[in-house]
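To start, the structure itself, in structure tokens.
The values are calculated or read from the model by the stated rules, or taken from the named source; none is laboratory data. Predicted, not measured: the structure shown is a model, and the values here were computed from it. Methodologically, a virtual Cβ is constructed for each residue, glycine included, from the backbone with ideal geometry; neighbour enumeration extends over all protein chains shown. Heavy atoms of the whole protein, side chains included, go into the accessibility calculation; ligands, DNA and RNA do not. Shrake-Rupley method; radii C 1.70, N 1.55, O 1.52, S 1.80 Å.
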Amino acid sequence: MTQTKIGFSAMSAHHILGIAYPSAWTTSQKVRFAMDQAGRGRLTGEVELDETYVGGEEHGSGGRSRAKKEAVGVACERKSDRAMGRTRLARLPSASALAIADFIEHNIEPGSVLLSDNWASCGPALDELSARGLHYDHEVTTLRTSGRTASEVHPHVHRVAALLERWLLGTHQGAVAGPHLDELVFRFNRRRSANRGLLFWRLACALVDAQAVSGKELRARARDQQLADDAHAEAVKAWTTKRHRQQAALN
């Protein structure tokens, strides 16, 4: 899980190591929780920002149509046109401005420069962050007038998004959850490590330091995620109503 680009699925552990699938699944999930990047240093400098949808092909759903796919926020430090720094990925409960604001706050240091296309949710998200006392510079590139494709304007987030989709489809048959994203980020951010054995050592230390989680708690993750999504949906409704009232008062 630390050494190969494609990672190691629970089904692979079941077949290769000869252990029962439930044990393989529980162990792999515990390892991914130890790979969690939450609470570690936020991205700084120029940061490309976008969202993508993963989880399997949805025929007839183009553009930013979500259908049954999962929305994922993608952020990458831009060092140059060809070089990127660290990256962050997170499953989004929706593509709303409130979800984007939460993603930015948790993963990008205030004062950073956000690079995005003319994504409709980004402006309102930054307004929400300003109301929280968090300020970011924002550089918008309108693709239609730039004469360039999205992957040319912001190559790093699109490269990571493509890597994520290929990995999920190839290793996990399209499944997507927070721990899956943590695994990819843990491995990707250490892709240039000169000492590959150090990655295993750091993960072993993280496993020792991580709070113990039971198999029952892991299996309850889907239920907890649904409850969190429902709470987010109610928060979005309240936030949207408040914003409409503020705009009406200004008009």
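Annotations for the structure displayed:
- With protein chains left intact and a 1.4 Å probe, residues in the range 103-251 average 59 Å² of accessible area per residue.
- Protein accessible area in the chain, 1.4 Å probe - carbon and sulfur %: 53 percent
- Diffusion constant of the chain at 4 °C, which comes from Stokes-Einstein with the Kirkwood Cα-pair radius and 1.567 mPa s, µm²/s: 66 µm²/s
- Farthest positive-ward along the chain dipole, Cα basis, beta-carbon charges - from 41, 31, 249: 31
- The rule of thumb for compact globular proteins, 2.2 N^0.38 Å, goes into the C-alpha radius of gyration of the range 116-251 1.43 times.
- Per-residue SASA remark: residue 232, around 20 Å² accessible (1.4 Å probe; ligands, DNA and RNA not included).
- Antiparallel content of DSSP bridges confined to the chain, in %, to 5: 60 percent
- Ranked by the mean number of other Cβ atoms within 10 Å per residue, highest first, peptides 189-195, 124-130 order as 124-130, 189-195.
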